[in-house]
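Please read the structure below before turning to the comments.
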Amino acid sequence: MPVSLSAMLTTWQLEPFAAVPVTVLAACYLSAVWRRRRPGRRWPAVRTLAFLGGLGAVTVATQGWPGVHDEESLAAHMVQHLLLIMVAPPLLVVGRPVTLLLHTVRNPWHTRVKRIIRSRAAAALTWPLAGVALYSAAVLGTHLTGLIFAHGAVHDAEHGVYLLAGYLYFLPIVGSEPLRWRLSALSRYLLLLVAMPADLVTGAVLMLHGPLGPYSAADVRDAGLIMIAGADLIMTGLAVALAVTLMTERARRAAQPTDLAAYNTHLASLESKKT
């Protein structure tokens, strides 16, 4: 469905089902950041901006142009889904809400939160391969089955599934929360690649498909193109960032012995001066 940039920027609707949770989360997060304001312990602004950016992506997806036209255009529907599963979740993860919560609350809630995030249930829920499976199932199951025609409450429920699947998938890849699973940069990079086939298969099937229910052949083709191009762009950007992190990590490890030797030499020189 051809649409101008001005229409995208000016087409909005009020969707309480999404607006209320987004507003509450933003208020809670900013309140926690304010409570943590102490000399030498300020919460990094980049984390706050990332979290608010994630909430902004949710707002655009549900109340902006994609949300207004998601039930009449499959292309708009796909833009909405990409925002909810691939844009908003990694930004929310980078915001580190769990860490902020731990830095804000006091006992006994601090102990309770730590007990929850260290529980077996939390470990199972945040297991990296479980995140990949849930992400892939969400993408394939809602686009290559009858769920692609979902409307109303079912479609709204899909939004929650996308956010949850995306959050759990990206958590071990771009996150640094105090959870059980700690992955190396290489493991994060490989985990990122494992989920890409689900996006590519979905996009390819739609691009090769003709008319689909109420959607025209051109609309379905555009939706498939958006899935492939958008997913590739986002995943490639994250892959490049992780590759840079991997090289930096290796360089740092390679430099450690030299740094240690130099430090020991410096200590030896100080000892010789004393004698």
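Where a number appears in this text, it was derived from the coordinates with a stated rule and is not lab data. Only a predicted model underlies this, so the values are computations on that prediction, with no experimental measurement involved. As a convention, Cβ positions derive from the backbone with ideal geometry for all residues, glycine included, and neighbour counts pool all protein chains shown.
Be a star and scan the range 218-243 for residues whose amide nitrogen sits under 16 Å from the point 7 Å along the Cα-to-Cβ vector of Leu186. It comes to 242-243, nothing else.
How long is the gain from Trp109 to Ala204 if the chain were fully straight, where each residue apart is worth 0.36 nm and the alpha carbon distance is subtracted?
Values: separation 95, 0.36 × 95 = 34.20 nm, distance 4.80 nm.
Contour length minus the Cα-Cα distance gives 29.4 nm.
Working note: Karplus 6.51/-1.76/1.60 with θ = phi - 60° gives the range 184-196 the couplings 6, 4, 5, 5, 5, 5, 5, 5, 5, 6, 4, 8, 4 Hz, where Gly and Pro are set to x.
Taking 0.36 nm per residue of separation and subtracting the Cα-Cα distance, what length does fully extending Val20 through Arg42 add?
Stretched fully, the Val20-Arg42 segment lengthens by 5.1 nm.
For the chain, what does -39500 (n - 2.57) per DSSP helix run (n ≥ 4), summed and divided by total residues, give at 222 nm, in deg cm²/dmol to the nearest 500? Mind dumping the intermediate values first?
Numbers: 14 runs with 209 residues, N = 275.
Taking each H run of at least 4 residues, the total per residue is -25000 deg cm²/dmol.
Applying 1/(1 + (r/R0)^6) with R0 = 22 Å to the Cβ-Cβ distance of Ala217 and Met8 gives a FRET efficiency near 0.40.
Labels on offer are (i) 66, 40, 31; (ii) 88, 41, 40; (iii) 54, 46, 36, and the one holding Cα extents along the principal axes in Å computed from this structure is (ii).
Using 0.36 nm per residue and subtracting the Cα-Cα separation, the extra length available between Arg120 and Met196 on full extension is 24.5 nm.
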